1. Inside segment B:239-285, can you point out the residues that are within 14 Å of chain A (Cβ to nearest Cβ), open to solvent by 10 Å² or more (accessible area, probe 1.4 Å) and of a type in the set (S, T, N, Q)?
2. Among the candidates A:THR104, A:THR122, single out the residue that is surrounded by 24 or more Cβ atoms within 10 Å (Cβ to Cβ) and either more than 10 Å from every other protein chain (Cβ to nearest Cβ) or within 24 Å of B:GLN674 (Cα to Cα) (or both).
3. Is it the case, given these coordinates, that B:HIS631 is under 29 Å from B:VAL521 (Cα atoms), outside any loop (DSSP other than H, G, I, E, B) and touching a strand residue (DSSP E or B) at 6+ places or on another chain (Cβ under 7 Å)?
4. If you go through segment A:60-82 one residue at a time, how many are open to solvent by 40 Å² or more (accessible area, probe 1.4 Å), within 14 Å of ligand 1 (Cβ to nearest atom) and either polar (S, T, N, Q) or under 14 Å from A:ILE108 (Cβ atoms) (or both)?
5. Just for segment A:33-50: of the residues that are open to solvent by less than 30 Å² (accessible area, probe 1.4 Å), within 7 Å of another protein chain (Cβ to nearest Cβ) and near ligand 1 (Cβ under 6 Å from one of its atoms), which one is nearest to the chain's Cα centre (by Cα)?
6. Considering only segment A:9-26, I want to know if a residue exists there that is touching a residue at least 12 places away in the same chain (Cβ under 8 Å), among the small types (Gly, Ala, Ser) and at the interface with another protein chain (Cβ under 10 Å from one of its Cβ atoms).
7. Based on what the data block shows, is B:ARG439 surrounded by fewer than 18 Cβ atoms within 10 Å (Cβ to Cβ) and either farther than 26 Å from B:ASP653 by Cα or within 29 Å of the chain's Cα centre (by Cα) (or both)?
8. Only one residue in A:VAL58, A:VAL147 is within 17 Å of the chain's Cα centre (by Cα), free of Cβ contacts under 8 Å to residues at least 60 places away in the same chain and not assigned by TED's automatic domain parsing to the domain that holds A:ILE9. Which one?
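The values are calculated or read from the model by the stated rules, or taken from the named source; none is laboratory data. Note that this is a predicted model, so its numbers are computed, not measured. Virtual Cβ from ideal backbone geometry, glycine too; neighbours counted across all protein chains shown. The protein model used for the area step is the full one, side chains on, heavy atoms only, and it has no ligands, DNA or RNA in it. Shrake-Rupley method; radii C 1.70, N 1.55, O 1.52, S 1.80 Å.
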Amino acid sequence: MKRKISLRINGKPYTDEVEPRLLLIHYLREVAGLTGPHIGCETSICGACTVMLQGRAVKSCTMFAVQADGREIVTIEGLAANGALDPVQQAFWNEHGLQCGFCTPGMIMATKQLLQDNPSPTDLEIRHGLEGNLCRCTGYQHIVNAVKAAAGKAGA
Amino acid sequence: MATTISKPETLFGKRIRRQEDPRLITGTAVYLDDIKMPGMHHACIVRSPHAAAKIRAIDTAAAAGRPGVVAVFTAKDTGHLGAVPCAASLPGLRVPRHDLLARDRVYYVGHPVAVVVATDRYLARDAAEMVEVDYEPLPAVADPEKALAEGAPAVHPEWPGNVAFTFHQEGGNIEQAFSEAEVVVKQRITSQRLIPTALETRGVVADWRPGENSVTLFSSTQIPHLMRTLVAGILGMPENRLRVVTPEVGGGFGSKLNVYAEEALMAFISMRIQKPVKWVESRRENFTCTIHGRGHVDYFELAARRDGVMLGLKLKLIQDLGAYHQLLTPAIPTLSVLMMPGLYKFQNVSADIVGVFTNCVPTDAYRGAGRPEATHGIERMVDILAAELAMDPVEIRLKNFVGNDEFPYTTPTGLSYDSGNYAAPLRKALEQVDYPALRREQAQAREEGRLMGIGVSTYGEICAIGPSPSMPAGGWESATVKIEPTGKVTVLTGASPHGQGEETTFAQVVADELGVPMDDVLVVHGDTSVVQYGIGTFGSRGTAVGGAALFYALQDLKAKVKKFGAMLLDAPAVILSGGSCVDERTGKSVSFAEVAAAAYHAKRLPPATEPGLVSTHFWEPPNFTFPFGAHVVVSEVDRETGDIRIRRYVAVDDCGKIINPLLVDGQVHGGVAQGLGQALWEQAVYDENGQLITGELTDYALPKAHLMPWIESSHTETPSPVNPLGVKGVGEAGTIGCSPAVVNSVVDALSPLGVRHLDMPLTPEKIWKAIQGGQA
Ligand code: FES
Ligand code: FES
């Protein structure tokens, strides 16, 4: 039995009929066509699927699409408004905070959350703030640099 | 025509942010699972839950009747196809036939048995649950030493004893070395099985195009061209009718340096159902069915004089191969043997490898591939010897290094080390940490009962893999450079980067050589219909071999550009400067774009010159390169909990000339993270019955941000004479240098308690027990 959901993603309205068991990440990727958020595990460990739901970072493999009915979502695709990169995106680029890029969309969304909660985090706070997001390529060091750089921007 | 001559700044050696990043940070890059095609179907693979079992029967009727299901395939359908290939060859190697789908027996948990194809991913998964396989479970063996024991279950019934091969190599006179030795130290050292865990799992999309009689295969791979050749072979189809495309690849680390059953299976299925089909590996499949790394049990014996001069090294190496050979499985431990002398100049070695079948997923190349195991072994043995002789581990290393005047240096394992200054990175690292002060602090700490350790590793590695004679299917690399009619430059590289950043470093090289802006350069890779044949990206070869091919292609092209420039300027000769051809006599110049247009419009041609500006070079390296370095780890162990705190991590790596220090640092950091993972946390654990206990990310301890120490990375630069760029390769250095430095540091911390050796991973439980038990 499909159910109808209506939500806003990156400021645009979406209405679709979905199966109740459809995971939000699959809805975003397969139905809404937003393939920026990635799937690294489907078991809520890796964080590659992180998006903003009502302004909070969530792992979109941990919830069903129907639970997002009536909500507001921002994915990585929604960050660069009018082609201008978000300061966090800019910082990841400048600081070489990515290699293969697979974790990056989730990492950037988790960073948005981190800086919202704590605009000038220490190294340790950054590392703990990103505990839920795995990166196999970078060893996290340039990611920490990127978050610091982005914090500097936001705080300035 | 402009007349100003500006000397361009060279980009070689600059920290330049990457060309590839804009698509990656905006979520617009296309990875395998992002590919969507009209009519695309989804495959789900039914896999064995048993490590060893006979298949009595497979009933697919219920699955085939499920909604959305279009087909279910078993070995009955695919039995006529070729087998999963092993490219490595060794004398007497036993090669079990590795069918795409199990016929009548399964050999490891995760062994593919059937494939269900449906219109939707969820429906395919639902139906896969309905495939009924009647198994008769058999005894399994998951530990290589147990597999060698008398009466162990035979993984392959035709080969009781489970030995796939034995291999002996020696150099010098090992008997004499041991008879002259004043001291011999022995140790069993393991390098546990690891799961590579690229964050993107594997995946394949196959698209059969009947009108063209061809298949396009999208695969998340490190080796598109080799895959084309090998998959065409499995399918029995002409190679030029198969096109392999690598989309954005979300990490590989060797796990995608392979040809797996799924590539041929999806191509076969697409041809059968006449529709595109997609398969994306789940994380559990990635853990149970994609290759693992390491899997060594090594028995070392090191002979030395009492003054610390090392004389010879013996190694008995037991390699856990798993149930089958994947592409390079049996070759990996032979790399360990090649590197067993490390950076030291003793000339007597002897090694015996036993390759052992187990009921586990195959091992194969994982970041470092054989060299981390070798380095871990020799670097642990040097420390054990130092402890035995009560010598400083630094002093003993300096005493035994190959000297700066000895290059090229021939090792007893038959390698020729290209260039080096082995003491330089060690001295630099020690200065950075103020080694004497640290030792004084340690003495003080010990008096207070604190467990503080200082560990050193001085590693060497084989990179730029490698000269073709050492490889099963070519070790060269290719590059094509095209100057387009508007003067923009397109590079087609046979390397297949997947995070390393060659779209940027290659553009730097092009910009320097041709004098064009980096933004005018596009680097294309990973499409066998677009790019000339190439070998791929692995073994720290992308820049060291692929970059050299690019360099030579550019030289040919520059010569041709100058001919056209001279023609246009009516000059006997011109120089290339600032993106223009310049007549040095008059200062007159023509721009790159003008030259390019002239070459394509071809109204006039220089003598004996063809139109167009394209050059292709296949570069065969004359040797490997041999990077080296020193890692120093300062650690503190908590007596109560066994927790290890890394106080400092200093890495001084010499990877030859550095094109982009920002990217090199990234490679070192990532490499060290994977080395630390092995040293402290990661381990693939199979139980007695061959069940993978660490089968999900929940159970396999990957390094996380808050667990990583700050890595203080710096370099010495000893150019390689092997290639014109002087680069050596850096993709694996961090991993190779790391684990012995960490373990040496922790063993040093625990040495007052009589601890002499600890095997990885150094979990708090293991450390706590060692503290409780004194001697481990
Ligand atoms: S895919 Fe959602 S946490 Fe990994
Ligand atoms: S950049 Fe590859 S996983 Fe983070």
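1. Of everything in segment B:239-285, those that are within 14 Å of chain A (Cβ to nearest Cβ), open to solvent by 10 Å² or more (accessible area, probe 1.4 Å) and of a type in the set (S, T, N, Q) turn out to be B:THR246, B:SER282.
2. It is A:THR104.
3. On the way: under 29 Å from B:VAL521 (Cα atoms): no; outside any loop (DSSP other than H, G, I, E, B): yes; touching a strand residue (DSSP E or B) at 6+ places or on another chain (Cβ under 7 Å): yes.
No: the conditions fail for B:HIS631.
4. Applying the first criterion (open to solvent by 40 Å² or more (accessible area, probe 1.4 Å)) to segment A:60-82 yields A:62, A:64, A:67, A:69-72, A:74, A:77, A:81-82.
Among the residues that remain, those that are also within 14 Å of ligand 1 (Cβ to nearest atom) are: A:62, A:64.
In the following step, the residues that additionally are either polar (S, T, N, Q) or under 14 Å from A:ILE108 (Cβ atoms) (or both) were identified as A:62.
Counting residues in segment A:60-82 that are open to solvent by 40 Å² or more (accessible area, probe 1.4 Å), within 14 Å of ligand 1 (Cβ to nearest atom) and either polar (S, T, N, Q) or under 14 Å from A:ILE108 (Cβ atoms) (or both) gives 1.
5. By that ranking, first place goes to A:ALA48.
6. Residues of segment A:9-26 touching a residue at least 12 places away in the same chain (Cβ under 8 Å): A:9-11, A:14, A:16-26.
Restricting the remaining residues to those that are among the small types (Gly, Ala, Ser) gives A:11.
Checking the rest, the ones that are also at the interface with another protein chain (Cβ under 10 Å from one of its Cβ atoms) come to none.
Taking every residue of segment A:9-26 in turn, none turns out to be touching a residue at least 12 places away in the same chain (Cβ under 8 Å), among the small types (Gly, Ala, Ser) and at the interface with another protein chain (Cβ under 10 Å from one of its Cβ atoms).
7. On the way: surrounded by fewer than 18 Cβ atoms within 10 Å (Cβ to Cβ): yes; either farther than 26 Å from B:ASP653 by Cα or within 29 Å of the chain's Cα centre (by Cα) (or both): no.
In short, no.
8. Values: A:VAL58 fails: not assigned by TED's automatic domain parsing to the domain that holds A:ILE9.
Sole residue among the options that is within 17 Å of the chain's Cα centre (by Cα), free of Cβ contacts under 8 Å to residues at least 60 places away in the same chain and not assigned by TED's automatic domain parsing to the domain that holds A:ILE9: A:VAL147.
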